[in-house]
1. Restricting attention to segment 272-280, does a residue exist that is acidic (D, E), on the phi < 0 side of the Ramachandran plot, touching a residue at least 40 places away in the same chain (Cβ under 8 Å) and in a helix (DSSP H, G or I)?
2. Does A8 fit the bill of being in a helix (DSSP H, G or I), within 13 Å of the ligand (Cβ to nearest atom), open to solvent by less than 20 Å² (accessible area, probe 1.4 Å) and in contact with a Phe, Trp or Tyr (Cβ under 7 Å, 6 or more places away or on another chain)?
3. What is the one condition in (1) open to solvent by less than 10 Å² (accessible area, probe 1.4 Å); (2) away from the ligand (no atom under 13 Å from the Cβ) that N166 does not satisfy?
4. Let me spell it out: the conditions are (1) loosely packed, with under 13 Cβ neighbours inside 10 Å; (2) under 25 Å from M147 (Cα atoms); (3) of a type in the set (G, A, S), and G70 meets all of them except one. Which number is the exception?
5. For the subset of segment 111-136 comprising residues that are of a type in the set (A, V, I, L, M, F, W, C), crowded, with 20+ Cβ neighbours inside 10 Å and more than 15 Å from L12 (Cα to Cα), which member is nearest to the chain's Cα centre (by Cα)?
6. Which numbered condition in (1) of a type in the set (D, E); (2) surrounded by fewer than 15 Cβ atoms within 10 Å (Cβ to Cβ); (3) within 25 Å of the chain's Cα centre (by Cα) is the only one that E60 fails?
7. Please state which of the following conditions L155 fails to meet, knowing it meets all the rest: (1) surrounded by 21 or more Cβ atoms within 10 Å (Cβ to Cβ); (2) more than 16 Å from the ligand (Cβ to nearest atom); (3) of a type outside the set (V, I, T).
8. I'd like the residue in segment 171-195 that is in contact (Cβ under 8 Å) with a residue 40 or more places away in the chain and in contact with a Leu (Cβ under 8 Å, 6 or more places away or on another chain) and, out of all such residues, is nearest to D31 (Cα to Cα).
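The values are calculated or read from the model by the stated rules, or taken from the named source; none is laboratory data. Predicted, not measured: the structure shown is a model, and the values here were computed from it. With ideal geometry, Cβ positions are generated from the backbone for all residues, glycine too; neighbour counts draw on all protein chains shown. Quick note on the areas: whole protein, heavy atoms, side chains included, nothing else; ligands and nucleic acids left out. Shrake-Rupley method; radii C 1.70, N 1.55, O 1.52, S 1.80 Å.
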Amino acid sequence: MITFTAIADFLLYTVFSYLAGSVVLKFVPEDKKPRISESKALLLICVAGTALFSLAPLIELTVFLENGEGWIGTFLTVLLESGNGHGWLVTVALSLLLGFAIYFDTSKYNQAYYLILLILVIGYFSHVASLSLWSGFASHSLHFFFMVIWTGVLLHIAWFSIDDSNWARFLSWFTPYAVFCVAALIATGVFIMFYFVEPESYANSWVLPYGQMLLLKHLSIIPLLAAAFINGFLNKGRLLDRTWLKVESLLLFFVFLFTAFMSKQAPPHEIHHTFQAEGAAPLVVLLKGEQSIPFDASLDWSVNGIVLFVIGILLLSMMVFSSYRQVSSWLPFLFGTGFIVTVYIGLMLNVSF
Ligand code: HEM
């Protein structure tokens with residue numbers, strides 16, 4: 001069931017990003033962006049996607065609660081009597097309004113208004129808001145908002161721009177805009193993270209599935225930011241290179257994937273308690289063997305671990321250097337992926353719990 005709801009969340013982040021990108025670019029003057037092909041049908045499919053993919057937690061709850069009284073009955077109980085059910089009904093209503101706004105080409109302010117309300121609904125029913133309502137609601141909504149307004153523009157330019165007109169003028173605003181969004185994303189991300197794990201328990205939390213996904217998320221952000229740096233700074237003054245933008249967006253999908261699986265796990269604010277309930281993360285058992293309480297994660301350097309770490313750093317450097325060479329578009333993506341895999345395993349081999 002976790003895979004089903006995580007994939008639904010991954011798709012939810014993607015459709016939200018595409019919708020946000022479309023709305024943000026409506027506020028950008030024509031001479032400050034390349035020409036972009038935009039299909040109303042795809043926008044409406046994404047709107048339907050926001051309602052459909054956010055239904056997954058309700059289906060999960062229905063499966064969990066169903067005890068032979070019938071699916072429909074249980075689903076209606078979940079829908080009408082649970083907070084998530086009410087949240088979904090509000091999401092459907094707002095998606096319909098946003099769908100009408102897009103279909104009838106209403107003002108960009110109108111579309112932005114409904115999109116922001118949808119982001120606030122996600123924030124209000126988020127994991128962290130269930131721990132601390134108002135600061136959780138605010139931090140998660142801001143985290144999600146800055147994520148979609150940055151990645152949305154990236155997805156549109158990388159996959160739907162049809163020429164490279166106004167490229168320098170586009171970069172002149174998009175680079176500082178992206179830097180601001182990423183800084184806000186990291187700040188709100190750290191703020192949310194500290195609700196789930198104390199700074200001093202961050203490494204201990206790696207023994208748990210949530211901690212593993214959080215670590216993989218952080219590692220996957222590094223090549224993503226390297227690609228963003230290449231697109232925003234190293235490729236500045238060069239012609240639009242959609243390949244590198246596509247590489248950046250594909251690396252982004254790793255962050256989405258690890259986040260989607262992370263938010264389905266039991267948060268690590270009581271590591272020993274969660275360990276007793278859930279056990280160690282499968283990848284930890286695979287790489288480090290069975291684990292037992294108490295944990296005290298500490299560096300325990302190993303030759304294999306160090307070698308993998310060095311290979312990872314080399315792969316990241318080759319990713320950056322490949323922006324100076326005409327290489328196949330897939331190589332930088334493979335270098336970035338290789339960095340995540342080698343540094344992750346290297347780290348796991350250099351840590352003992
Ligand atoms: C490129 C940067 C990032 C992207 C694209 C990103 C994306 C996301 C998304 C889409 C969510 C929503 C999850 C959901 O509600 O289902 C999320 C939640 C979260 N993010 Fe990020 N994030 C980024 C950076 C960070 C950073 C730097 C941190 C921590 C240092 C972080 C920590 C978190 C946490 C703890 C959550 C809450 C997950 C949960 O609900 O359990 N994020 N992030």
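1. Initially, segment 272-280 is screened for residues acidic (D, E), giving 278.
Remaining after also requiring on the phi < 0 side of the Ramachandran plot: 278.
Now restrict to residues that are touching a residue at least 40 places away in the same chain (Cβ under 8 Å): 278.
Next cut, in a helix (DSSP H, G or I) only: 278.
Yes, because at least one residue in segment 272-280 is acidic (D, E), on the phi < 0 side of the Ramachandran plot, touching a residue at least 40 places away in the same chain (Cβ under 8 Å) and in a helix (DSSP H, G or I).
2. Values: in a helix (DSSP H, G or I): yes; within 13 Å of the ligand (Cβ to nearest atom): yes; open to solvent by less than 20 Å² (accessible area, probe 1.4 Å): yes; in contact with a Phe, Trp or Tyr (Cβ under 7 Å, 6 or more places away or on another chain): yes.
Yes.
3. Status for N166: all satisfied but (1).
4. The one condition G70 does not meet is (2).
5. Applying the filter and picking the extreme gives V128.
6. The one condition E60 does not meet is (2).
7. L155 satisfies every listed condition except (2).
8. A178
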